[in-house]
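Beneath this line is the structure, given in structure tokens, with notes to follow.
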Amino acid sequence: MVWLSPVLAALLSVIGVTLLFAALGRDPVEALATLFVTPLASIDGLTELGLKATPLLLCAIGIAIGVRADVWNIGAEGQFTLGAIVGSAVALGWGGGGHWWVILATLFAGIAGGMAWAAVPALLRTRFNAHEILTTLMLSYVAIQLLGYLVHGPWKDPEGYSFPQTRQFAPDAMLPLLLEGTRLHIGALFALAAVPLGSVLLGRTLVGFRIRTVGAAPAAARYAGFSRNATVWVCLLLSGGLAGLAGICEIAGGNGQLTPLISPGYGFAAIIVAFLGRLNPVGILFASLLMALLYLGGEGLQVSMQMPIAVTGTVQGMLLFFLLAADVLINYRVRLLPARRAGVVTDG
Amino acid sequence: MDAPAPPPRLALAGITKSYAAVVANRDVSLAIGPGEIHALLGENGAGKSTLVKIIYGVVQPDTGAIAWEGKSVAISGPNAARALGIGMVFQHFSLFESLTVAENIALGLGARESIGELTARIEEVARRYGLAVTPSRHVHHLSVGERQRVEIVRCLLQSPRLLIMDEPTSVLTPQEAAGLFDVLRKLAREGCSILYISHKLEEIRALCERATVLRGGRVVGECDPRRASEQEMAEMMIGGALPVAHRPAPLHEGRICLIVDRLSLPADEPFGTSLAEISLTLRDGEILGIAGVAGNGQKELLAVLAGERLAPDAASVRVADVPAGRLGPAARRRLGLAFIPEERLGRGAVAEFPLSENALLTAYQHGLVRAGMIRFAAVEAYARDIIARFRVVAAGTGASGSSLSGGNMQKFIVGREVGTKPRVLLAAHPTWGVDIGAALAIRQALMDLAASGSGVLLVSEDLAEIFEIADYIAVLSGGRLSPPRRTGETTVEEVGLLMGGRMAPAVPVAALHGAVDAA
């Protein structure tokens, strides 16, 4: 039953987008093929899929671990951005000397950046009881503004013809590619490794048990002596660190420079991925591939059928909407009351 | 022509219901006449819950027929049951914590009237039947006993013609229980039939006209409880001679394992009870019973002893000679404290976790975790051991907490806490709502633990239980604790006076503070 609703949501989204294409006066079959099939038909497409799934997977596993403890990190986008910024600072500062440790330092700086950005909501939550849903989301916008300021201001490449971008990373600060001739880098392996690590953490360690207990039964966690505040810290630092790693991998494995727009909303899409994958690392692996396909197919539609890029966001929205609706309607029955205080009442 | 005898209000014939492996009910037949108070007796797992769920439409029988007032019916769900006129007060309450009493009742009724009108009706029914319920209070502030009264009022508002009561008196004082019996007798005189499930045989003898006894899913006997003896009924339920709880000879006076020294604590919620100058001493090998009606500071005292709330002063709670007032629950467990909480699911155990993980919940400090990794083999073994030693009826260590009956869940929790060999065990209402067999096993476990040299603090509303197993008895009333008396040197009447005398209406918090200041 628990896996029924993501499948249902995916099917309903396909139906929804088909209707949308028809309403736009496009051939739905061609559009669907462009959206879902074309990207899978070439090695190039498949590696691009892996490339796009990497940040989604990293962010979504962190988000999911948090949600299992009832800690809602909505701001992976901001932690992703800070990871990219802090990692880039190291890469730009120490790169170029040919040292082997530069890429490692860059990656760790990215993780630290994401963690630091997530530490702020953790502090606000545990000291002042300010809910992380609000604080993490708001800090995302701060992070994007900060990135804009840096690439337009102090970090702007003096030889960049005034484009808002930083200097290029030196080769020693770049992530190695997995496949020559494609853009797939070893960040994809980090993301893949996060799947078993996340599963083991949640299922087989005491820390994971605490996380699940705090989320499933707060009173039982209090009774067992599992600290709510410690769990908030662990979850936010962990998901912040993963998002930060995703951020720096995106830069050090991609263009090798910061620009004002480094993410097409990976951190937000990862929330959908986490729920579509049922907060389970293995499920999230598949959900991240589906979401990556949407990004790729959306670009394809834009290029070959001149459709707006908003199609991607629309389908993402449909997915989440149908998923939440399916969850509610599978678990609850809607009953309409006839009297004047009519409303919806749920029967367990 | 003679008027034919009225058909029974409810007649079950040949009801059988089986789940995957277990037959919960086998060929059960039962008839309840109009205005009859009918007892349903049986141990945990005897099939009472399943039968009641079938009557209430929650589950459908595999075979068998149900007749309501002579007409064959299929009860497709609780709504259909309510439409027929069947009301039920569940053992596990279905109330939303964050809503008020009136809002909860409105949800249950389908809210066809305004909260204001409903409040007036609630107050009227509550007054008519003498059930103290305040419609505007939030449920999360209410004690178990108060919540039950809300459930009863909710049923009575629907003017039921058959009322099912599942263990209704377990949380009431003797006076309140007597009051409830008056309510039930009045209802019965008005023609409402009552199906009364309880393990307190003396109540059934006082209240019920007929009893059906279930064992292993079958009807094993019917009797008139007013004529049958308690011994006879209990043996029918158990299917053999009644085991007797055995208290080993008390040890010589042990060392002090728990001291509470002039502990005062303001209430942390609007309807909570402040604790005032509580002092007690517990020695190794001793059982100290704390009597009193819920809502007199039990919840607060247990929270501050277990470490879920911190005491203002570290020295006011000492566990094994260590000042523990400022330590959290995990640190106190390391000192040898264990705790059986009042709520089973959601606090003592996690409903959606398997039993193995529920064993881990508090026993994780006892070799079940190595280098941060859970040792699943050890956890499984520990859970299996609890299941075996306490004869927990469960589908194995993988069964989820929510799949167990209340009594079996409680046996599991008791087993888990006792199994950590604590120096001090806090037990909150450990036999509430469990049947005779489970209650005996739980009491025996507490006594065995004391005999092995641990101190046990037993907070219970069941006076008979305290008199049966405790060495000392003290009464908690209005947040104050009476000096403990040796159980052998006091009487139920004396303790009842202590409970009643200062219990009366809950002392207003402000007045209590005044009293403390003046002292």
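The values are calculated or read from the model by the stated rules, or taken from the named source; none is laboratory data. Note that the structure is a prediction, hence the values are computed from the model and not measured. Cβ placement follows ideal geometry from the backbone for every residue including glycine, while neighbour counts extend to all protein chains displayed. SASA here: full protein model, heavy atoms, side chains in, ligands and nucleic acids out. Shrake-Rupley method; radii C 1.70, N 1.55, O 1.52, S 1.80 Å.
Axis angle, to the nearest 10 degrees, between helix B:376-389 and the longest C-alpha principal axis of chain B: 60 degrees.
Counting only protein heavy atoms and a 1.4 Å probe, tell me what percentage of the protein assembly as shown's accessible area is made up of carbon and sulfur. That share works out to 61 percent.
DSSP bridge analysis restricted to chain B gives an antiparallel fraction near 50%, rounded to the nearest 5.
Rounded to the nearest 5, the antiparallel percentage of DSSP beta bridges internal to the protein assembly as shown is 55%.
Residue ranges A:68-80, A:321-333 sort as A:68-80, A:321-333 when ordered by packing (mean number of other C-beta atoms within 10 Å per residue, highest first). Look at the stretch B:339-352: the mean tally of other chain Cβ atoms within 10 Å of its residues' Cβ atoms is 4.
Quick one: putting +1 on the C-beta of Lys and Arg, -1 on the C-beta of Asp and Glu, what dipole do you get for segment B:344-421 around its Cα centre, in Debye to the nearest 20? Working shown, then result.
On the way: 10 positive and 5 negative charges, 46 e Å.
Here the size comes out at about 220 debye.
Take B:322-331, A:286-295 and order them by the average number of nearby Cβ atoms within 10 Å per residue, most first; the result is A:286-295, B:322-331. Placing unit charges on the Cβ atoms only, positive for Lys and Arg and negative for Asp and Glu, gives the protein assembly as shown a dipole magnitude near 240 debye about its Cα centre.
Springs between Cα atoms under 10 Å define the GNM used for chain A, and in it the highest mean-square fluctuation of A:233, A:101, A:117 occurs at A:101. Spatially, segment B:426-453 and segment B:333-357 are offset by 16 Å when compared through their Cα centroids.
Let me confirm one metric for peptide A:64-77, namely the mean number of other chain beta-carbon atoms within 10 Å of its residues' beta-carbons. Numbers along the way, then the final one.
On the way: counts 0, 0, 0, 0, 0, 0, 0, 0, 0, 0, 0, 0, 0, 0.
Counting Cβ atoms of other protein chains within 10 Å of each residue's Cβ and averaging gives 0.
Dipole size of segment B:10-238 about its Cα centre, with +1 on Lys/Arg Cβ and -1 on Asp/Glu Cβ: approximately 340 debye, rounded to the nearest 20.
If you take each beta carbon of peptide A:205-215 and count the beta carbons of other chains within 10 angstrom, what is the mean? Don't skip to the end; give the middle numbers.
Numbers: counts 5, 9, 3, 3, 8, 1, 0, 4, 6, 0, 1.
What the average comes to for A:205-215 is 4.
Remind me, relative contact order of segment B:10-238 in percent, using alpha carbon pairs under 8 angstrom and six or more residues apart?
Details: 421 pairs, mean separation 66.7, N = 229.
Reported relative contact order: 29 percent.
Peptides B:11-18, B:305-312, A:269-276, ordered by how many other C-beta atoms sit within 10 Å of their residues on average, highest first, read A:269-276, B:305-312, B:11-18.
Restricting attention to the protein assembly as shown, lysine pairs at least eight places apart or on different chains and with alpha-carbon atoms under 18 angstrom apart total 4. The residues of chain B expose, per residue, 40 Å² of accessible area to a 1.4 Å probe.
Between A and B, buried accessible area from a 1.4 angstrom probe totals roughly 2500 Å², ignoring ligands, DNA and RNA. Distance between the C-alpha centres of segment A:257-278 and segment A:295-323: 14 Å, rounded to the whole angstrom. Taking the longest Cα principal axis of chain B as reference, the axis of helix B:174-189 is set at about 10 degrees.
Run lengths n ≥ 4 of DSSP H only: what is the helix-derived mean residue ellipticity at 222 nm for chain B, with -39500 (n - 2.57) per run over all residues, to the nearest 500? Numbers along the way, then the final one.
Working: 17 runs with 181 residues, N = 519.
When only DSSP H runs of four or more count, the value is -10500 deg cm²/dmol.
Evaluated over the Cα positions of the protein assembly as shown, the convex hull gives a direction-averaged projected area, one quarter of its surface, of 45.3 nm². Helix B:115-129 and the longest principal axis of the C-alpha atoms of chain B enclose an angle of approximately 90°. Helix screen, chain A: DSSP H segments with Cα axial length of 18 Å or more and mean Kyte-Doolittle hydropathy at least -0.5 are A:4-23, A:43-68, A:76-94, A:101-128, A:132-152, A:187-204, A:228-252, A:281-305, A:310-331.
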